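To keep things clear, I will list the structure first and then write my remarks on it.
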Amino acid sequence: MLVVHVHVHVKPDRIEAFKEASIENARNSVQEPGVARFDVIQQLDDPARFVLVEVYRTEDDPARHKETAHYEKWRDTVADMMAEPRQSTKYTNCFPDDAGW
């Protein structure tokens, strides 16, 4: 498993539009065979901050995800909504070693 956390800071007037676009992307992403999980989470004390939690089955699956039409649509739609460039951090799961995904 490869777990990616994408940290996004959105312009305050674009929060709802970003959320809608990201949820649409997530709904499509979980249909991909290489995506085990795709969460869109919003920070409680600062609603302009989001984390996309993406769980891929293999290290090759993020590249395949970025080739999909729904990812490209999301990327282009949200580009001007960012208050600053998004950042991602990659992780591997330690426990459980067989997550059942």
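No lab work stands behind these numbers, since they all come straight from the coordinates. Note that this is a predicted model, so its numbers are computed, not measured. A quick note on method: Cβ atoms are made from the backbone with ideal geometry, for glycine too, and the neighbour counts reach across all protein chains shown.
Side notes on the structure shown:
- Crossing angle, helix 69-78 versus the chain [Cα axis fit, 0-90 degrees, rounded to tens]: 30
- Helix axis angle, 15-29 relative to the chain longest principal axis, alpha carbon, degrees: 20
- Dipole magnitude (debye, nearest 20) for the chain, charges at Cβ of Lys, Arg, Asp, Glu: 80
- Fully extending the segment from Glu16 to Glu59, taken as 0.36 nm per residue of separation minus the present Cα-Cα distance, adds 12.4 nm.
- Per DSSP, loop trypsin sites (Lys or Arg not before Pro) in segment 1-84 with at most 12 further Cβ within 10 Å: Lys66
- Binned Cα-Cα distance frequencies in the chain - 10 Å width, integer %: 15, 49, 29, 7, 0
- Within the chain, helix-based [θ] at 222 nm, where runs of 4 or more DSSP H residues each add -39,500 (n - 2.57), nearest 500: -8500 deg cm²/dmol
- In straight-distance terms, cross-link reach from Lys66 covers every one of the lysines whose alpha-carbon lies under 21 Å from its own, apart from those fewer than eight places away in the same chain; here that gives Lys19, Lys90.
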